[in-house]
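Asks: First the structure, which I've put down as structure tokens, then a few questions once you've had a look.
The values are calculated or read from the model by the stated rules, or taken from the named source; none is laboratory data. Treat the numbers as computed from the prediction; the structure is a model and nothing was measured. With ideal geometry, Cβ positions are generated from the backbone for all residues, glycine too; neighbour counts draw on all protein chains shown.
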Amino acid sequence: MDISVIIPTFNEGNNVRIIAKRIEEALQPTGKSFEILFVDDSTDNTPELLEQLSNKDPFVDYLHRTNRRGLATAVTDGLKCALGDNLVVMDADLQHPPELIPAMIDKLSEGFQMVVPSRFVPGGSDGGLNFYRKFVSWTARTIARLALKRLRKITDPTSGFFAVKRSAIQGNVYHPIGWKIMIELIVRAHITSIAEIPYQFHARDLGSSKMSGSEQLRYLIHLARLVMISEEDRKFFSFCAIGLSGVIVNLAIYKVMLLLRSPVVLAFMLSSIISMASNYVLNSTLTWKSRSVRQANRQMIQFLRYAAVAAGGLCISSGFLSFLYYMIHFRPMFSGLLGIVTGVIWNYVMNDRWTFSP
Ligand code: GDD
Ligand code: MN
């Protein structure tokens, strides 16, 4: 079998017949063998309609699951049953044009592991979503691309429309929660070669969207889980968390020394040095674990570099703060906040590239 088209459905009775017909019209002229597999969790009469359709139409098959377990697992169940060498996933509601499938398959034949039609490359459009949906969608995409490095090379990572070679995703276990199966596949199967082609997202004609607030929360949990499984993506979050722990260590030691009647400046300097050392130890054993060194002299060099970076960070963040406060006349707290952000970014990048360079 050349192609399996997997379509998750939840109460899409009005759409199943139309989408099957449009897929057939698009794929029959290519001469390739294909199947259309609906994975259904519906609570209305969609299963009966799918039963009728699959009896009449040799290309159509369906799987009905009795307790709704979410869109992404519907797709993984579909992927397991699919017979095709090339797997296409799309929504049932005709927002994803079936006419694009032959071009997607051509890209896979050129050697790409995955093809993601995008609304956000020249020639694409989001079909005039309302302002609220546009904003939510932009936020979701931006968070994904910030959190997971692998997604930065595609412009439409939250799409529910893509094609992938079966060989690229075989042999891994997937645990998606919520909706975004494509992100799960890209991260867990380490997919690197992805082609994008423009497409026009179509406004929904029939039925209604099943996207909800709790789905958006599940999305964030899903991203966090994916961040945790790769050191590459985890590093920045780990660095920030350790930085926060350093603030606590710093303040605690400062307080204790003041209670012991130490002079204020001495207490501050000593507590700063100790918290920097504890940050260094934690970062070298957690954040940059795979690049840690064992010999004492190399550890010493690393620590000195770490301290130099921190000193540089202090200069840069106070310089930036002064610029914002004295030249642009930002409020002091806001200038301070932006100064801290600059310092954190400087420290992270320098430690990643220099202190703990591989
Ligand atoms: N089996 C199953 N189970 N299918 C579901 C479920 C479920 O729990 N929930 C939704 N679906 C099906 C719908 O029937 C539809 O075919 C598809 O999944 C997408 O649902 P919509 O309700 O149409 O979602 P949307 O239009 O708001 O969002 C879609 O497009 C976005 C932009 O590409 C989704 O694909 C999003 O993931 C995507 O970001
Ligand atoms: Mn839709």
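Asks: Please work out which residue is nearest to residue 2 (Cα to Cα), limiting yourself to segment 92-104 and to residues that are at pLDDT 95 or above and surrounded by fewer than 22 Cβ atoms within 10 Å (Cβ to Cβ).
Replies: 102
Asks: Follow-up question, since we're still on this one. Cβ contacts < 8 Å: first residue within 16 Å of residue 278 (Cβ to Cβ), restricted to segment 252-267; second residue of a type outside the set (Ser, Thr, Tyr), any location; separation 6+ or different chain. Result?
Replies: 253/267; 253/270; 253/274; 254/267; 254/268; 257/266; 257/267; 257/270
Asks: For the condition among the hydroxyl-bearing types (Ser, Thr, Tyr), surrounded by fewer than 16 Cβ atoms within 10 Å (Cβ to Cβ) and either out of contact with any Leu (no Cβ under 9 Å at 6 or more places or on another chain) or over 17 Å from residue 76 (Cα atoms) (or both), what is the one hit in 118, 125?
Replies: 125 is the lone residue from the list that is among the hydroxyl-bearing types (Ser, Thr, Tyr), surrounded by fewer than 16 Cβ atoms within 10 Å (Cβ to Cβ) and either out of contact with any Leu (no Cβ under 9 Å at 6 or more places or on another chain) or over 17 Å from residue 76 (Cα atoms) (or both).
Asks: Counting only residues that are under 28 Å from the mean Cα position of the chain (by Cα) and surrounded by 20 or more Cβ atoms within 10 Å (Cβ to Cβ), how many does segment 1-51 have?
Replies: 15
Asks: Being without any contact (Cβ under 8 Å) to a residue 12 or more places away in the chain and not basic (Lys, Arg) is the filter; apply it to segment 131-158 and report the residue that is farthest from ligand 2 (Cβ to nearest atom). Step through it out loud before you land on a result.
Replies: So the first thing to find is which residues in segment 131-158 are without any contact (Cβ under 8 Å) to a residue 12 or more places away in the chain, and the list is 131-135, 138-139, 142, 146, 152.
From the residues that got through so far, the ones that are not basic (Lys, Arg) too are 131-132, 135, 138-139, 142, 146.
Details: 131: 18, 132: 15, 135: 17, 138: 17, 139: 18, 142: 21, 146: 25 Å.
Among those residues, the one meeting the criterion is 146.
Asks: For segment 118-237, please list each of the helices (runs of 4 or more DSSP H) lying entirely inside it that holds at least 2 residues being within 11 Å of ligand 1 (Cβ to nearest atom) and within 21 Å of residue 95 (Cβ to Cβ).
Replies: Ranges flagged: 131-147, 181-188, 213-228.
Asks: In this structure, does residue 69 turn out to be surrounded by fewer than 22 Cβ atoms within 10 Å (Cβ to Cβ), under 26 Å from the mean Cα position of the chain (by Cα), in contact (Cβ under 8 Å) with a residue 12 or more places away in the chain and closer than 30 Å to residue 213 by Cα?
Replies: Criteria met by residue 69.
Asks: OK, next. Scan the helices (runs of 4 or more DSSP H) fully inside segment 1-111 and keep the ones with 2 or more residues being more than 16 Å from ligand 2 (Cβ to nearest atom) and over 29 Å from residue 222 (Cα atoms).
Replies: Qualifying helices (runs of 4 or more DSSP H): 13-27, 46-56, 101-109.
Asks: Identify the residue in segment 191-228 that is basic (Lys, Arg) and more than 19 Å from residue 11 (Cβ to Cβ) and, among all such residues, is surrounded by the fewest Cβ atoms within 10 Å (Cβ to Cβ).
Replies: So, considering only residues that are basic (Lys, Arg) and more than 19 Å from residue 11 (Cβ to Cβ), the one surrounded by the fewest Cβ atoms within 10 Å (Cβ to Cβ) is 225.
Asks: Identify all residues within segment 286-326 that are under 24 Å from residue 232 (Cα atoms) and aromatic (Phe, Trp, Tyr); write none if there are none.
Replies: Matches in segment 286-326: 288, 303, 306.
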